[in-house]
Every structure is written in structure tokens, then in C-alpha cells.
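These notes are about the structure you will find just below.
Quick note: the coordinates plus some simple rules give every number you see, no bench work behind them. What you are looking at is a predicted structure, and each value in this text was computed from that prediction instead of being measured. For neighbour counting, all protein chains shown are included, and Cβ atoms are generated from backbone atoms with ideal geometry for every residue, glycine included.
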Amino acid sequence: MPMTKTLNRLKKNNRYQEVNRVKAIDLLLTVVTFILFVLAIYLFSSDPIISPSVNWADSNGSASAGTTARWKYIVIHHSGSEKGNAAIFDSYYRNQKGIKDGLVYHFIIGNGTNSTDGAVETGSRWQKQIAGQHCFNSKVNKDSIAICLIGDFEKSKPTSKQMSSLLGLVEKLQKEYRIPRDKVFLHKEAESYGAKARSNTNCPGKKFPANVIKSSLPGWQTGSNSF
């Protein structure tokens, strides 16, 4: 009889442990499902992702007087590579090129390879509000905001999401810093601006739709600050 009671207790304990194991597995599956759901929203959102936050405004939501006067131009580049993101290029410029401040651009726009298609990544130079190292033309380089789209636009066009993010970002920067459209340059234009020598670069590539930029942005008139 005592043996029977002991066996019954063991069976109850085993059932109790099994129930706990099932509950633990269910909880784990719920957590994993939630994480996958959040990742799916992040990866497949149609809206451009700005990460980390763009800190160009003061607490009132407008640029301070000092930074408004600082940025005079916007320069658009392509990476010349099929893949990449801000972290990859930051490491490249620091470790292979020996550039202390790393990523030479202020913003990177992904093409869906190493970051989400159309995602806008903010570089440390923008966060620190320091000049990039993206133009040989020092007049433009020191006062320009550098935006680089991932891709080789000698071979293919930027994605539609990249262009949408680019237009949105450039227009916001224009309005924030009162930059007229005639001061929004392709890299090849920036190198020649105010310089005697002509540029020998074709960046951002022959397949970059420059006409879309020129026709879509506000303030086209030369020297205009009206938006």
C-alpha cells in the first residue's frame, strides 16, 4: 500500500512537471513570435527609417542660428558599391583609410542589402555637426551636408524607396537650413562649383535620375531662399 501511494505521488509530480514544461514552451514561443513580428515591421515598413534620430533642431523644433548659417549646400553621392550601410563604411574609413572621424558622409540611404531599402542612417558627423570629407572642393566640403545612396548608379538606378527617402530628406534639410535648390549638388557638380578645374568624377553615376531631383525640390530659382 505505501508503495502504491508513493507511485501515485510520483505520477502526480511528473504530470505537474510536464504541465510546467508545456507552459514554459508556450511562453517562449509567444516571446519569439512577438520578436519576429516586431522585426518584420522594422524590415518591411514602407516609410524611411531615420536611425538614430536626426538632431538638427533645438527644443523649439527649429535650427539654432549658428547651425542655420553653417550649412550652405547639400551634396548627393553614390557609394559606387552594390552593398553597404553606415556601419560598414564607417569601419572602412576608420580602419582602412585611417580617417579618425570615420564615415565621410552625414547620411546614408540603404538599398535593401545591408540595411532596409530606403532607410536613412545618420552618421556621427551629423550628430557632432562637423564637416564631412566627401569633396576635394574645400569651399563646398566644409559647408555642405553629404548624402550617400548605397549603389553603383553607373550600372543601375537607385530604388524607388531610395529616391523617395532622398527627396524627403533633402527637402527637410532645405527648409531647415534655408538651402535653395541651386545649392543642392550632385557630387560631380560640387567639385566644379566655384573652381577653375572641371570635375573628373561622374558621381553619383550616369543612371542617377538627376532630373527628378532638379524638378521636384523647392526653391529652384538661382539664389532663391523662397520655399
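Taking every residue in region 95-112 that is surrounded by fewer than 16 Cβ atoms within 10 Å (Cβ to Cβ) and pairing it with any residue that is polar (S, T, N, Q) and not in a strand (DSSP E or B), at least 6 positions away or on another chain, the pairs with Cβ-Cβ distances below 9 Å are I99/Q133. Listed by first and then second residue, the pairs with beta-carbon distance under 7 Å, at least 6 apart or on different chains, first residue in region 153-173 and closer than 18 Å to S79 by Cβ, second part of a helix (DSSP H, G or I), are M163/V212.
Just one of (1) farther than 22 Å from F208 by Cα; (2) in contact with a Phe, Trp or Tyr (Cβ under 8 Å, 6 or more places away or on another chain); (3) part of a helix (DSSP H, G or I); (4) not acidic (D, E) fails for I99. It is (3).
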